[in-house]
Amino acid sequence: MKKKIVLCIVLAGLIFSLAGCAEEAGQPEAGVQQENSVVSEEEFAGDGAWTILVYLCGTDLESGYGAATMDLGEMLDRDFGSQVRFVVQTGGCTQWQNEVIPEDAIVRYEIINGDMQEISRMEQANMAESATLKDFVTFGMENYGNNKLGLIMWDHGGGSVAGVCLDENYGTDTLDLAEIQQALDGIPRKFNFIGYDACLMGSVENAKMLSPFANYMIGSEELESGGGWDYAAIGAYLQENAGAPAADLGKEICDSFYKSCEALGEEGTATLSVTDLSKIQKVCDEFGAVAESMKGSTENMETFGEIAKGIRKAQNYGGNTPSEGYSNMVDLGDMAKNIAGAVDTSALQAAISEAVIYQVKGANRQNANGLSVYYPLQIEDEEELKTFETVCVSDSYTDFIGTMVYGAANGSIEEYSGENDWSAAEQSGHGLGLVTADQNQIQIAEEQHLNDDGYYTFTIAQESLPNVASVQYNLYMKFDDETPLVYLGSDNWLDYDDQTGVVTDTFQGYWPALPDGSLLSMYVVEESEDYTIFSSPILLNGQETNLRFAYLYGETEEDGEWLVLGAWNGIDDESGQADKEMTEIKKGDVIRPIYVVVDQESGDTTEIKGDKYRVGKNFNITEPKLPEGEYYYSFGIDDLFGSTKYLDLISFWVNKKGKVELSY
């Protein structure tokens, strides 16, 4: 959530001293336009003053939470002096949580010397259109061009494909990277920095696009925690460090952001980095060389498999589950590290380290290297892939993704022609553990059976092992004879020997639940050596969302513990924008689990709601024995392309004492 400051104090700061015209605001004269300076890599020094342009697209972050109003309050925190100026354009919101900013117009304000003045007002316009951003950028360059200049885009973000800035007055349109480039084309000089106070925008595709227009990019690979950037800290730093270089300011932006996350206890997954855009072409060149080797690996399934598995193990950001949606953004440096056994990535890793000059990252994001890259962890949208092709920084990487899409549709790449067909994405399926995708070609050498220890086991055929990405189990509950199976989720708590192909069940009959024993339907979001993060669809006070929680491993199995992270709305289905708020679960909140009901024959799904639970003190996840009843268990084998082979359902009973009674 945004900073917990009293809203009425912020409103008072906004209301006072508003003037209605540029003349009263003391608007500076137009800056000097410098020919060809846009191609210079040297940072513009200007007259020592800093002007930061803030493209404040309010959306539901403002109408629902008052987040933009609070950030304006930070800019008005105190008099930062005449050398520090915020110039803000407001729009994109159906209802501002203050009495100053209108919903039916685009308005520009200048904040300087602790005072906020209106300097221009225009007709309503779509903040998600390139022309609206371009007009603001042109205005800033013309009127503040003698200053050091920063540009911040403030709103939801969705990554390299979905873009940034959703205007809730105009449906689900967003500014994609091509539109941002169009808005910046023709500027007379580089911005000292361009930053995103938004989720998921710290990507290599974004950095490449911005490189002709700014010296540095500041952005987060992950969802932005802690209420976003601290504008009071930014103003105070520039007051004390007049004319500071953009790199030093970027460091302060990162550090103050992280401190705000710490203050709210949300630093664990925080990321923010400063990238030197003069070094980004080297990153792209080295990535292109690696991608060429990745593309060539398709002729050797063992090498190709090592690469595909390594990418899937790379740290990913945003939502990447069926209930939350898919951001499809992974860390570029972690990807390079994970595939280094199959491809020489040393030059790429060095180039990333040189380009990312500073970053902050929480304890749960230690594999973050400062730049993410698009990778379709779930391939299901032709239009998404077409957009990816336009922003991809390497033709060879585009072709590698084309190979993965073909494999997802066909289960094999043996007959891949080399021609990218993004429509094949619509043929890849995602089930819930009942219906095997037709294209999946995983073969079983020994069918599932009970071993001498009383556990189910099976063996994957040796020829299929190079095509296996992961193995998991899925759990279902039978409510009654007339209700289809209720999907409780999946987990990888089993033994898999990737050399012999032997898989053995280790299920003990425990499952995560609310404190009242209500079982949760859960999906794995992220796995590491230290923790696993899960997501469970719920109703929170009547609103659909996802409960995020983690299991933290201890030195022994008994030392492990559960940790509730909060509720997150996930990825918007239409716009692709990630929700920026992780909602704290509080005493008195009402949680109602949501379950997916799966038809055993067709695999078709519907939803049902569980019982209501009112949160009390010290809320946390429990892991009780399954209640008495009939259950079903299914092994699932994911291939390299994202399709899954499901083995036949195994039924079992849990008796009154919680003991699992197997049947076969």
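The values are calculated or read from the model by the stated rules, or taken from the named source; none is laboratory data. Just so it is clear, the model here is predicted, and its values are computed rather than measured. No Cβ is skipped: glycine too gets one built from the backbone with ideal geometry, and neighbour counts run over all protein chains shown. These area figures cover heavy atoms from the full protein model, side chains too; ligands, DNA and RNA do not enter into them. Shrake-Rupley method; radii C 1.70, N 1.55, O 1.52, S 1.80 Å.
Odds and ends about this structure:
- Scope region 262-284; condition under 25 Å from Asn192 (Cβ atoms), in a helix (DSSP H, G or I) and either open to solvent by less than 10 Å² (accessible area, probe 1.4 Å) or charged (D, E, K, R) (or both); matching residues: Leu277, Lys279, Ile280, Lys282, Val283, Cys284
- Matching strands (runs of 3 or more DSSP E) fully within region 309-386 where at least 2 residues are hydroxyl-bearing (Ser, Thr, Tyr) and either out of contact with any strand residue (DSSP E or B) (no Cβ under 8 Å at 6 or more places or on another chain) or open to solvent by less than 20 Å² (accessible area, probe 1.4 Å) (or both): 372-374
- If the condition is being at negative phi, open to solvent by 10 Å² or more (accessible area, probe 1.4 Å) and not basic (Lys, Arg), then region 642-659 contributes Thr644, Tyr646, Leu647, Asp648, Leu649, Ser651, Trp653, Asn655.
- Index of the failed condition, Phe86 passing every other in (1) at pLDDT below 95; (2) open to solvent by less than 10 Å² (accessible area, probe 1.4 Å); (3) outside any helix (DSSP H, G or I): (1)
- Conditions (1) out of contact with any helix residue (DSSP H, G or I) (no Cβ under 7 Å at 6 or more places or on another chain); (2) closer than 19 Å to Gly66 by Cα; (3) open to solvent by 60 Å² or more (accessible area, probe 1.4 Å); number of the one not met by Asn146: (2)
- Residue check, Asp167 under 22 Å from the mean Cα position of the chain (by Cα), over 28 Å from Gln359 (Cβ atoms) and among the charged types (D, E, K, R): yes
- Scanning region 426-458 for residues that are among the small types (Gly, Ala, Ser) and at pLDDT 75 or above, we see that the one that is most open to solvent (accessible area, probe 1.4 Å) is Ala445.
- Out of Leu539, Leu514, one residue alone is open to solvent by less than 20 Å² (accessible area, probe 1.4 Å), of a type in the set (A, V, I, L, M, F, W, C) and over 30 Å from Gly310 (Cα atoms). It is Leu514.
- Test for Thr321: is it touching a helix residue (DSSP H, G or I) at 6+ places or on another chain (Cβ under 9 Å) and touching a residue at least 40 places away in the same chain (Cβ under 8 Å): no
- Ile413 being modelled with pLDDT of 85 or more and either farther than 29 Å from Asp491 by Cβ or touching a Pro at 6+ places or on another chain (Cβ under 7 Å) (or both): yes
- Residue count for region 100-111, restricted to those that are over 24 Å from Tyr144 (Cα atoms) and touching a helix residue (DSSP H, G or I) at 6+ places or on another chain (Cβ under 6 Å): 1
- Being among the aliphatic types (A, V, I, L, M), touching a Gly at 6+ places or on another chain (Cβ under 7 Å) and at pLDDT 95 or above is a property that does not hold for Val590.
- Within region 626-641, considering residues that are within 30 Å of Asp498 (Cα to Cα) and among the charged types (D, E, K, R), the one least open to solvent (accessible area, probe 1.4 Å): Asp639
- Residue in region 196-204 that is surrounded by fewer than 22 Cβ atoms within 10 Å (Cβ to Cβ), touching a residue at least 24 places away in the same chain (Cβ under 8 Å) and either assigned to a helix (DSSP H, G or I) or touching a Phe, Trp or Tyr at 6+ places or on another chain (Cβ under 6 Å) (or both) present: no
- Gly560 meets each of the listed conditions (1) open to solvent by less than 40 Å² (accessible area, probe 1.4 Å); (2) at pLDDT 95 or above apart from (2).
- For region 461-498, the candidate set comprises residues that are at pLDDT below 90 and out of contact with any strand residue (DSSP E or B) (no Cβ under 8 Å at 6 or more places or on another chain); within that set, the residue that is most open to solvent (accessible area, probe 1.4 Å) is Glu482.
- Residue in region 524-537 that is part of a loop (DSSP other than H, G, I, E, B), small (Gly, Ala, Ser) and farther than 24 Å from Met201 by Cα present: no
- First in region 233-250 and on the phi > 0 side of the Ramachandran plot, second anywhere and outside any helix (DSSP H, G or I) and buried (at least 21 other Cβ atoms within 10 Å of the Cβ), Cβ under 8 Å, 6 or more apart: Gly243/Trp50; Gly243/Lys148
Per-residue answers, yes or no, for (1) part of a helix (DSSP H, G or I); (2) in contact with a Lys or Arg (Cβ under 8 Å, 6 or more places away or on another chain); (3) closer than 23 Å to Gly235 by Cα:
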{"site": "Ile253", "(1), (2), (3)": "yes, no, yes"}
{"site": "Phe257", "(1), (2), (3)": "yes, no, yes"}
{"site": "Ser260", "(1), (2), (3)": "yes, yes, yes"}
{"site": "Ala291", "(1), (2), (3)": "yes, no, no"}
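- Where a residue in region 114-142 is outside any helix (DSSP H, G or I) and its partner, wherever it lies, is of a type in the set (A, V, I, L, M, F, W, C) and open to solvent by 30 Å² or more (accessible area, probe 1.4 Å), with Cβ under 6 Å and at least six apart: Glu118/Leu18
- Residues of region 624-649 that are over 29 Å from Ala424 (Cβ atoms) and part of a strand (DSSP E or B): Lys625, Gly629, Glu630, Tyr631, Tyr632, Tyr633.
- Residue selected from region 171-192 under the condition closer than 18 Å to Leu249 by Cβ and touching a residue at least 60 places away in the same chain (Cβ under 8 Å), by the criterion surrounded by the most Cβ atoms within 10 Å (Cβ to Cβ): Lys190
- Candidates Ile112, Ile152: the one that is open to solvent by 20 Å² or more (accessible area, probe 1.4 Å), closer than 22 Å to Gly73 by Cα and either among the hydrophobic types (A, V, I, L, M, F, W, C) or modelled with pLDDT under 95 (or both) is Ile112.
- Pair list, Cβ < 7 Å and 6+ apart or interchain, from region 471-492 residues that are on the phi < 0 side of the Ramachandran plot to residues that are basic (Lys, Arg) and modelled with pLDDT of 85 or more: Leu485/Lys478
- Every condition in (1) open to solvent by 40 Å² or more (accessible area, probe 1.4 Å); (2) not in a helix (DSSP H, G or I) holds for Val393 except the one numbered (1).
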